[in-house]
Structures are given as C-alpha cells and as structure tokens.
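This report refers to the structure that appears directly beneath it.
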Amino acid sequence: MKSKNYDLIGMSAAFLCMIHCVIFPLLIFIPIGISHNPYIDLAFLLLGIWSVYKTTKNNHSILLKYVLWGSVALISFSVMVHILFHWHSPTMYMGAAGLIIGHFINFRNHKH
C-alpha cells in the first residue's frame, strides 16, 4: 500500500475520531441508555499510530514527523487520562486536528 493511502486512512480515522468526540457528548444527554466506552478511543488511537508509523517510516520531513507524532502523543495522553481517571481531556481535539492537518499536508506533497 502506498504512503498516500496511509494518509487517506489517517485523515479519515482522525476525522471520524473528531466527529465521535464532538457528537457523542451530545448523545449522552438524550435518554437512550448509552454510555461512553473509552476503548473506542483506544481503537482510534491504535489505527492512528499504525497510519502515522507507515506514513513517517520513509518520509524525510522532520517537521511532518513532529506534527504527526506530537498529535499521536496528545491523543494518547487524552485516552490514558480518560481510561485511568474518567476525565475527558480537550487535548483529544488538538491531536485529531493535528493528525488531519499533518496527513493532509503529506498527501498534498506527494509526487504524482
């Protein structure tokens, strides 16, 4: 699979994660008996780590690597805080936005 495809997977996963993080708190207020499972966030994180690893493995841009891995670190922090302390950190949104931006920049810089 080409690196461009990993960027598409990474952008899609980060976008879905952000949508999940924005819409889910609104659904909690509707009395339909659902609760948040932080392991869904962990699944998004693992998909993001895989995508970032594949994207940065052969990439020579140091700035892009810092943006992508820094975003993964922010999301990791947020997921671990949520699992351990049941507190939802806003760093999740910053990390997801960073992943979307980093993958988009890398996607645009590919040689066609």
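The values are calculated or read from the model by the stated rules, or taken from the named source; none is laboratory data. For clarity, every value in this text was computed on a predicted model and none was experimentally measured. Note: ideal-geometry Cβ built from the backbone for every residue, glycine included; neighbour counts use all protein chains shown.
What's the number of the only condition in (1) without any contact (Cβ under 8 Å) to a residue 60 or more places away in the chain; (2) within 17 Å of A14 (Cα to Cα) that I100 fails to meet?
(1)
Which of the residues spanning the range 72-93 are under 18 Å from G10 (Cβ atoms), hydrophobic (A, V, I, L, M, F, W, C) and surrounded by 15 or more Cβ atoms within 10 Å (Cβ to Cβ)?
Answer for the range 72-93, where residues must be under 18 Å from G10 (Cβ atoms), hydrophobic (A, V, I, L, M, F, W, C) and surrounded by 15 or more Cβ atoms within 10 Å (Cβ to Cβ): V72, L74, I75, V79, M92.
If you scan the range 103-112, which residues turn out to be touching a residue at least 12 places away in the same chain (Cβ under 8 Å) and either surrounded by 19 or more Cβ atoms within 10 Å (Cβ to Cβ) or part of a helix (DSSP H, G or I) (or both)?
Scanning the range 103-112 gives H103, F104, I105, N106, F107.
Which of the residues that make up the range 1-38 are surrounded by 12 or more Cβ atoms within 10 Å (Cβ to Cβ), farther than 16 Å from W69 by Cβ and either at pLDDT 80 or above or small (G, A, S) (or both)?
Residue satisfying the conditions is S12 alone.
Considering only residues of the range 41-57 that are over 13 Å from D7 (Cα atoms) and not acidic (D, E), which is surrounded by the fewest Cβ atoms within 10 Å (Cβ to Cβ)? Walk me through it before giving the result.
Let us first name the residues in the range 41-57 that are over 13 Å from D7 (Cα atoms), namely 41-46.
After this cut, where a residue has to be not acidic (D, E) as well, the list is 42-46.
Details: L42: 16, A43: 14, F44: 22, L45: 21, L46: 12.
Across the range 41-57, the extreme among qualifying residues is L46.
Out of all the residues in the range 55-91, which are outside any helix (DSSP H, G or I) and farther than 29 Å from N37 by Cα? Reasoning before the result, please.
Filtering the range 55-91 down to residues outside any helix (DSSP H, G or I) leaves 57-61, 86-90.
Selection gives K57, N58, N59, H60, S61.
So is A96 outside any loop (DSSP other than H, G, I, E, B), closer than 21 Å to I40 by Cβ and at pLDDT 90 or above or not?
Values: outside any loop (DSSP other than H, G, I, E, B): yes; closer than 21 Å to I40 by Cβ: yes; at pLDDT 90 or above: no.
The answer is no for A96.
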